[in-house]
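> My structure is below; once you've seen it, I'll send some questions.
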Amino acid sequence: MAEIISKKSATKEPGRRPPAALDKADTGDQISRRSFFSWLSIGWFAFIAATGGFFTMMLRFFFPNVLFEPVQTFRAGFPDDYTIGEVDLRWKNKYGVWIVRNNEGIYVLSTTCTHLGCTPNWLNSEQKFKCPCHGSGFFKTGINFEGPAPRPLERFKITLADNGQIIVDKTIKFQQEKGQWNDPEAFLNV
Amino acid sequence: MLEKFRETQFYKSIFRGGGVPKSRRQRMMVVLNSVFLHLHPVRLPKHAVKLKFTWCMGGLSFFIFLILTISGILLMFYYRPTIEYAYTDIIDLAEQVPFGIMREIHRWGAHAMVITVWLHMFRVFMTGSYKPPREFNWAVGVILLLLTLLLSFTGYLLPWDQLAIWAITVGSNMARAAPFVGHEGPGAALLAIGDINFVTMGSDMRFALIGGRFMGEGALLRFYVLHCIGLPFIIMIFMAVHFWRIRKDGGISTPV
């Protein structure tokens, strides 16, 4: 109790510096109002930067550097491995593509239905791709003709390597409704 | 006997205020002094809990949430969120684990909670209980509805059967089409320097959600963590606010 009283009286000592002088005084251990505000703003900037950095790190955390998925560009064998007039299913599960060969050449169709992203089945007897989810149907060319699919299946880039092997690049896609199927890389003339 | 026990130091040290509440004020203090009870109103007017007015849908939603929490924790003792084991663990939970009904309780409870939450919203709308001063609690309620649906969505994938995989494939395509953050959404093409797109199939919101370009191990693990830890944690915070605001905004179904 005695301590508290003495502290109280200490703050009321007449020898204390008058408030008007506080602005100028930056001597010794006293912090002036002006420098207090600059320290405060530095502190806030540091706090915001640290918090922002933390949340950026947290966001980045969700994008791993290595994906354990099949590669986007792969070699699909030689053109002679594919029969004319048939839809080839060998890459469907691993890479999500059908390779189709007709009289003129070879093209690569994406197995992703353009309606909501399921995987259609190739029905050989009916000569069409049929999606089990909502019933979209596509011709062998990839053109949609029934069900809710709004546009044809996408095609991927197909080129020949120096040794004559087919290279499929899934990062580049060609959409019929944009007129991209005429692109030389969307179709391999054999 | 019970009253004597309530006067002991043991009882008083656990229950703040202790002793036998003898007056209305003391009874009120018992509620206010308990961390669990203080979310709840101190007293309820008889008319406020009329079943034909409230339908008890909010209370039922919370009750079902508790059932889902308990049954969900029990399921976690057997379920492994990997492509190799997820599906067979679900089969085991039904056929081999004692009380094989536990997984069905969780599944049916999830369906029931979605229904009761919607009906609760319908009731609140029909009785005008969204009006001031309760408008903020309506907003909290909408967030709770959204979280309930997200919990339902993330739990959907965990059985890892054909229905689950394709349902989430279809559902996660919504993220693909989101403006700016989805690689097929409007504005995504603007976020590019020259030929280099920043929002691609390997860097958009859908990728962050399913941890890959298509449904796989990453999606299963992320949905599992969100379903068991992330979303329940968030929904419990909002539920605490929701219940507390009911009391603060004038109690349940009382005109203010």
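Please treat every number below as a calculation from the coordinates, not as lab data. Every value quoted in this text rests on a predicted model; they were computed, and no experiment measured them. Ideal geometry is used to build each Cβ from the backbone, glycine not excepted, and the neighbour counts take in all protein chains shown.
> What size of dipole, in debye to the nearest 20, comes out for region B:17-103 about its Cα centre when the only charges are +1 on Lys and Arg C-beta atoms and -1 on Asp and Glu C-beta atoms? List each step's numbers first, then the result.
Values: 10 positive and 4 negative charges, 250 e Å.
Approximately 1200 debye in magnitude.
> Within region A:23-147, what is the number of lysine pairs with alpha carbons under 28 Å apart, leaving out pairs fewer than eight places apart on the same chain? Write down the numbers at each step before the final one.
Numbers: A:LYS92/A:LYS128; A:LYS92/A:LYS130; A:LYS92/A:LYS140; A:LYS94/A:LYS128; A:LYS94/A:LYS130; A:LYS94/A:LYS140; A:LYS128/A:LYS140; A:LYS130/A:LYS140.
Lysine pairs satisfying the spacing and distance rule in region A:23-147 number 8.
> Hey, another quick one. What order, most packed first, do the peptides A:81-89, A:130-138 have when packing is the mean number of other Cβ atoms within 10 Å of each residue?
Numbers: A:81-89: 14.4, A:130-138: 17.9.
The densest-packed peptide leads the list: A:130-138, A:81-89.
> Could I ask something else about it? Between B:MET236 and B:PHE77, how many nm apart are label points set 7 Å from Cα along the C-beta direction?
1.9
> Can you give the mean number of other chain Cβ atoms that lie within 10 Å of the Cβ atoms in peptide A:107-114? If you can, show how the numbers build up before the last one.
On the way: counts 0, 0, 0, 0, 0, 3, 2, 0.
Average per residue, whole number: 1.
> Follow-up. What dipole magnitude, in Debye to the nearest 20, does the protein assembly as shown give about its Cα centre under +1 on Lys/Arg Cβ and -1 on Asp/Glu Cβ? Write out the running numbers ahead of the final one.
Numbers: 48 positive and 33 negative charges, 704 e Å.
Approximately 3380 debye in magnitude.
> Calculated FRET efficiency, A:THR73 and B:GLU217, Cβ-Cβ r, R0 30 Å, to nearest 0.05? All intermediate terms of the calculation are to be shown ahead of the outcome.
Details: r = 22 Å, r/R0 = 0.73.
For R0 = 30 Å, the calculated efficiency reads 0.85.
> OK, next. On a C-alpha basis, how far is the centre of region B:12-87 from the centre of region A:152-172 in Å? Whole number, if you could?
One Cα centre to the other: 60 Å.
> So what is the calculated 222 nm ellipticity per residue for the protein assembly as shown, using -39500 (n - 2.57) for each DSSP H run with n of 4 or more, over all residues, to the nearest 500 deg cm²/dmol?
Values: 15 runs with 193 residues, N = 446.
The helix contribution divided over the protein assembly as shown gives -13500 deg cm²/dmol.
> Now for a separate question. Of B:HIS47, B:HIS106, B:ILE83, which is farthest on the positive side of the dipole of region B:44-248, counting Cα position, with +1 on Lys and Arg Cβ, -1 on Asp and Glu Cβ, and the Cα centre as origin?
B:HIS47
> Using a cut-off of under 11 Å, list every residue of region B:224-247 whose amide N is near the label point 7 Å from the Cα of B:ILE143 along the Cα-to-beta-carbon line.
Backbone N within reach: B:234-242.
> Does anything in region B:18-43 have its amide N under 18 Å from the 7 Å Cα→Cβ label point of B:THR8, and if so which residues?
Under 18 Å, as judged by backbone N against the label point of B:THR8, lie B:18-21 of region B:18-43.
> Can you check what the net charge comes to around A:GLU185, using other residues whose Cβ is under 11 Å from the Cβ of A:GLU185 (Lys, Arg +1; Asp, Glu -1)?
On the way: positive: A:ARG155, A:LYS157, A:LYS173; negative: A:ASP169, A:ASP183.
The answer is +1.
> May I ask you to derive the FRET efficiency for A:LEU123 and B:LEU119 from their Cβ-Cβ distance with R0 = 41 Å, giving the value to the nearest 0.05?
Working: r = 44 Å, r/R0 = 1.06.
For R0 = 41 Å, the calculated efficiency reads 0.40.
> Only Cα pairs within less than 10 Å get springs; with that Gaussian network setup on chain B, which residue of B:LYS50, B:LYS22, B:LYS131 has the largest fluctuation?
B:LYS22
> With a Förster radius of 41 Å, plug the Cβ-Cβ distance of A:VAL190 and B:GLU84 into 1/(1 + (r/R0)^6) and report the FRET value to the nearest 0.05.
Details: r = 41 Å, r/R0 = 1.00.
After rounding to 0.05, the efficiency reads 0.50.
> Kirkwood hydrodynamic radius of chain B from all distinct Cα pairs, in Å? Walk me through the intermediate numbers first.
On the way: mean 1/r = 0.0462 Å⁻¹.
When all Cα pairs of chain B are included, the Kirkwood radius is 21.6 Å.
> Oh, and also: Averaged over its residues, how many other protein chain Cβ atoms are within 10 Å of peptide B:195-207's Cβ atoms? Kindly include the intermediate steps, with their values, before the conclusion.
Details: counts 0, 0, 0, 0, 0, 1, 4, 5, 1, 1, 1, 0, 4.
Mean partner shielding for this stretch: 1.
> Please arrange B:HIS120, B:HIS111 by counting, for each residue, the other beta carbons lying within 10 Å of its beta carbon, fewest first. Before the final figure, lay out the partial values.
Values: B:HIS120 22, B:HIS111 11.
Ascending number of Cβ neighbours within 10 Å: B:HIS111, B:HIS120.
> Here's another thing I want to ask about it. When you look at the Cβ of every residue in A:59-72, what mean number of other chain Cβ atoms sits within 10 Å?
Numbers: counts 1, 1, 1, 7, 6, 4, 0, 0, 7, 4, 7, 2, 0, 3.
Per residue, the average neighbour count from other chains is 3.
> Also, I was wondering about something else. For the residues B:VAL170, A:VAL66, what sequence is obtained by ranking on other C-beta atoms within 10 Å, fewest first?
On the way: B:VAL170 16, A:VAL66 5.
So the residues, fewest neighbours to most, are A:VAL66, B:VAL170.
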